[in-house]
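Structure first, then comments.
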Amino acid sequence: MSRGVPASRPGEVSALSLIVAAEAAALLVAAGWYAVQLTTGAPVLSFWGAVFTLALLLTFSAWLFAVAYFLFRGFRWPRAGALVAQLFVLTIGFPTLTGGYIVAGLSMLVPAAVAVVLLFRKSVISFASRSGGAPPAL
């Protein structure tokens, strides 16, 4: 154990970080698609509203990449951020699924459900319990 990080990283932490990073990448792709649509003259009700939406997509993507990175490193704070993100994904994924978009809905629901389960695994909680520069809290 060096610098407050447990010697071995559980596979669940790696899987969870990968899920969150994949969601961040999906948001980045969505932001790129949105930017292309915005620059090619797709009709919008408010240009500045569309720019704000693009900025939100980029900001949330960057935030999720940070959550994935620091969760992988074993910090405590990203667990809450990852849980909130998964709850948002579940909130969007369920109506998408029931609205007839089966593949899109399942591609949101399945990783989010797996991530929620992994967030509460004992190995994840014990690994990701480091704060700042202190040793693990649990």
With respect to SER107, is the statement that it is among the hydroxyl-bearing types (Ser, Thr, Tyr), more than 17 Å from the chain's Cα centre (by Cα) and within 28 Å of ARG9 (Cβ to Cβ) true? no
Filtering segment 49-81 for residues that are closer than 14 Å to TRP33 by Cα, modelled with pLDDT of 95 or more and among the hydroxyl-bearing types (Ser, Thr, Tyr) leaves a count of 1
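The values are calculated or read from the model by the stated rules, or taken from the named source; none is laboratory data. Treat the numbers as computed from the prediction; the structure is a model and nothing was measured. Counting neighbours? That spans all protein chains shown, and the Cβs are built from the backbone with ideal geometry, glycine included.
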